[in-house]
Amino acid sequence: MGMELHAEKAGCAEMEIAEITDSDLFKLVRHALKSAIQGDPDQYEQLLRVMHPDEGVIPDVALLVTCLKALSGSVSCLDIVHHKSLIASILQMSMWNCGTDVMDALMEFNISLATSSGQYVDLCLEMLVSNFMPPDSFISLLNQPHGILRKGQVIDRVHSTLTYIAKLVPLSPLRLERMITERMPHIFTKEPLILIYVENMLKLESGAIGDLVGRTMLVAIMDKLIDLDVDIAWDDILQEDFTKGIFDMELGDLEWPMDDGQQNGDELQISWMERYFSGNLNAQKLDSLIVLTFEHLNFCKESGRLSQVFHTLLQSFQQTVLMAYKSKFSQFVLFYACSLDPENCGRRFADTLFHKFKSSKYPEWRMSAVAYLASYLARAKFLPISFVAEYVESLLEWCSTYCSNQGGSINPKAHKEFYAGCQAMMYVLCFRMRSMLAIPRIRSRISKHIEDILRHPLSPLLVCLPSIVEEFLRLAKVTHLDVPVNIVSSNLLESELSMAFGGRERLDTFFPFDPCLLMKSDRFIRPNFVYWSMVRSSYDNDDDDDEGTSDEDDIEICTAGNWINIPNDGAARSYDQDLDEFGNKMSKMSITPKVAQWGELQSGMRMPSSLLPCPDSL
């Protein structure tokens, strides 16, 4: 093709308007490159102005595309020292501000430059990674049709180029994964930018080079979730009522209220979070990132990759989440993955936690692991009762063996793992006791050990959280399970003994799968989640009448071991409750000592960091 080169656009003072062919322009570009090396910069500077026009000058797109193509065919003439400014001006271009013709020409140049010499590989990869996110001026367009279209155009070209370079430069994926993790946005980056960056990371994980970089991407994302998670402070937002036990925090009935269709989900979410999260932007970012991860896990399941991805997530969980001080929400990534594949992922998760509890050399890690195990077994609606019973029996056997090998009396600090195991066992039974004891074989196995453990001189009923012990004994009475009943002081949430075995981190009050307080994430979790209200109502009925139908029976109808999700009418309740009523109950979910009077949450307060240990929040 031919094109018209205007002197004022090209900066060629000696040239009149003339029509030259593309091949002639290619020759001019090569000559400009060589002249710059020889000390004659005039034509080189003219080429620079094509790549980076002066302010106020409208770029000639056709000329820009042709020059980029000419440079793509002339990379052998480029010198990283003499042509530094030219290379920089090209690689600093934002594809988000370019049309598709310029994008294609930029990608062609990027590939040619990266494959021409190893000294350019990092520069080219940095250019591609920098286009993971749009410039700030483009953020407002991301939700508009033009912005959505441009986003797809940019991301598709970036990833196809990364794949092409990886094929031609085998070591480039190693450099790429390091670069992506180093350039990952910090937690205070604007939400749309951090979301789109993580979206690119997940696209790499599931893409053509996922086998090479996927694990690093997932681990980096989990690390970022933890960074956001621990930044969300907790004690400043919840107003506490120290007179209520953890099983009286009845928030399981609550759904996100809707106003007869007048508020859509997004408007309600903003209203709710502004009111209760006190404008905590990091809580909103974390919520959106977890949802993005949930959607990726769904995609992995559909593509048959969930088991492979879960292996990486489980390793990351053990290295970061499990060791994080009372992580609040990040762990729900594992919970949701297990709900997608209970038979495989669900069992691997439980096996890992129980193994950590039995074998870790650090007491705090063991206590954290058994807290995760108990909360998981109690809350995971997708787990058949036979599965839950298997781990409860294993906990009982471990505690029984511990008792056989120990003498002496109460010593919370010396036997903290034992008390953690006993509390975990009682916590799970509070949720699952009726369903488990309805099966004679399971009832026999549980009864075999439990009374001896509870009556041992180590006295777990006096050391574990009184609120859990009291509820456990009440339910044991309803289900006719023979256990001691006259030990616990009533109406106590915690005691000096429970605080002693919990340690500075208060692991005695850690229930990591308490209901998720992040609104968008909760909608993924809720269908497969056991709320205390589902369980408690059946036992309340039995206080007056031992007969009747149990809500928990509806939950646990997969007692034969079918690994399926069973719809439950009690899990999804009406959306027509008033938001103010929801707020009044929401503010009572913590059990730590009361520090403020009831009332509206004050501005400046921040998102809670943990339910302590309210097993029934939302």
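Against the globular-protein guess of 2.2 N^0.38 Å, express the Cα radius of gyration of segment 306-385 as a ratio, rounded to two decimals.
That works out to 1.01 for segment 306-385.
Work out, step by step, the length gained on full extension between Ser116 and Ala233: first 0.36 nm times the residue separation, then minus their alpha carbon distance; give nm to one decimal. Walk me through the intermediate numbers first.
Values: separation 117, 0.36 × 117 = 42.12 nm, distance 5.04 nm.
Stretched fully, the Ser116-Ala233 segment lengthens by 37.1 nm.
I need the peptides 88-95, 477-484 ranked by packing, meaning the mean over residues of other C-beta atoms within 10 angstrom, with the highest value on top.
88-95, 477-484
Is there a pair in Lys448/Lys477; Lys285/Lys328; Lys285/Lys520; Lys27/Lys167 whose C-alpha atoms are over 20 Å apart, and which pairs would that be?
Lys27/Lys167
Evaluated at 37 °C with a viscosity of 0.692 mPa s, what Stokes-Einstein diffusion coefficient in µm²/s does segment 321-451 have when Rh comes from the Kirkwood expression over alpha-carbon pairs?
215
Take the eigenvalues of the Cα gyration tensor for segment 418-467, scale each by 5, and report the square roots as semi-axes in whole Å, largest first.
Listed largest to smallest, the semi-axes of segment 418-467 are 20, 13, 7 Å.
If N is the number of residues in segment 31-181, what value comes out of its Cα radius of gyration divided by 2.2 N^0.38 Å?
On the way: Rg = 15.8 Å, N = 151, 2.2 N^0.38 = 14.8 Å.
Normalised by 2.2 N^0.38 Å, the Cα Rg of segment 31-181 equals 1.06.
Using per-residue counts of other Cβ atoms within 10 Å, averaged over each peptide, order 388-400, 508-520, 178-190 from highest down.
For the peptides 388-400, 508-520, 178-190, the packing ranking is 508-520, 388-400, 178-190.
Given labels modelled 7 Å from the Cα in the Cβ direction, how far is it in nm from Arg474 to Asp136?
5.5
Which percent of the accessible heavy-atom area of segment 119-236 goes to carbon and sulfur, probe 1.4 angstrom?
The value for segment 119-236 is 55 percent carbon and sulfur by accessible area.
Mind giving me the nanometre distance, one decimal, between the label points for Ala438 and Ile410, set 7 Å out from Cα along Cα→Cβ?
3.6
The values are calculated or read from the model by the stated rules, or taken from the named source; none is laboratory data. If you're wondering where the values come from, they're calculated on a predicted model, not measured in any experiment. Here Cβ is always computed from backbone atoms with ideal geometry, including for glycine, and neighbour counts include all displayed protein chains. Remember, those area values only see protein heavy atoms, side chains included, never the ligands or the DNA or RNA. Shrake-Rupley method; radii C 1.70, N 1.55, O 1.52, S 1.80 Å.
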